[in-house]
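For reference, the structure discussed in these notes is given below.
Every read-out reported here was derived from the displayed coordinates using simple, explicitly stated rules and does not represent laboratory data. These numbers were taken from a predicted model, which means no experiment stands behind them. Cβ coordinates were reconstructed from backbone atoms using ideal geometry, including for glycine residues, and neighbour counts include every protein chain displayed.
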Amino acid sequence: MWMVPSLALAGIVWRGDFETGNRSQYSGEQMVSSDRLLVVTNPVAQGKYALKVTVKQGDDPINSSGNRNELVYQGGEKEGSEYFYRWNVMFAPDFPSVDTWQLFTQWHHDGCCGSPPLEFYVRGEEIRMVLNDDNTIPWRTKLQRGVWHEFILHVKWSSKASTGFVELWHNKENVLQKRSAVTMYAGQGNYLKLGLYRSDTVKQVGVVYHDGFIQATALEDVLEAPTVPDAGTPVDAGTPEPVPDAGEPVVPEPVDAGTPPQADAGVAADAGTDGLKPPVEVLPDGGDAEGAGCNSSGGSLAALTLLGLLGLARVRRRRSS
């Protein structure tokens, strides 16, 4: 389990982890029926609840392009704001393999029309992160079904590449170092959409799970809740755990992301994988957690010393009397 100081929790801005047992943490829903966005108890990545998203051909709750069922959170990311986001995604074993776009997470602009400035989607057998301002794919990986994918996104929201940047971890590996980027459109804000949104040409039923979404101002804050590696049953760690969209996205041709610029001193996380390692608790005298409060050998020695002093005091009183 991650061991992070409790003071770090002060930086958490919002949770969308479904631990309320429902969808109430989100601002709204775009769904054809409630069975398309179900809060479930299995599988989960952390805690007790996760979201099961189902999309069938023809699901079009907002009379727009594509088929979708999505949750919306109006976080209102503004020019110059900087956040860390962590969330977990699992694609069902029969998730469709099609040569078209299937979005599962996007930060959409609040203006009219066009593709979102930043999105994550599946195409064929790849998971991709896309920046639509310059039509680049700065990161991609092979699609694995039936396992939880953990994403941590560090982003500074800006319509200027000289100010904005992105940084990404996938399954605790720093897969994209800090990279300058346009992350929002000029004069517009961004908001989160989570679920599944795909081309209406896809005929098969698509199922994807989401869990554990946290938005915070520092890396250690999004690491405060451990991720369970097993897709179906949470791992017992020894301590009980408390319980108006626009058209279809532009699918760019792959472009070499180039060499990312060196992270400046103000970046909250180290660019390497060590940036994900929180402080390790070290117990005194090399003891384990059970003996952390008191050293047994030291306690016995102190007791013997105290008895000796009491005996010496009695001898002196007898001599003086």
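Between Ser162 and Gln74, the FRET efficiency estimated from the beta carbon spacing at R0 = 22 angstrom works out to 0.20. Our coupling estimate for segment 144-150, obtained by passing each phi through the Karplus curve with A = 6.51, B = -1.76, C = 1.60 and θ = phi - 60°, is 10, 9, x, 10, 7, 9, 9 Hz, Gly and Pro reported as x. The length gained by stretching the chain between Thr201 and Thr20 to full extension, at 0.36 nm per residue less their Cα-Cα distance, is 61.7 nm. Computed from label points 7 Å out along Cα-Cβ, the spacing between Asp60 and Arg140 is 2.9 nm. Based on the Stokes-Einstein relation at 4 °C and a viscosity of 1.567 mPa s, and on the Kirkwood radius from alpha carbon pairs, segment 1-133 is assigned a translational diffusion coefficient of 77 µm²/s. With both labels modelled 7 Å from their Cα along Cα-to-Cβ, the Ser27 to Asp110 distance reads 0.6 nm.
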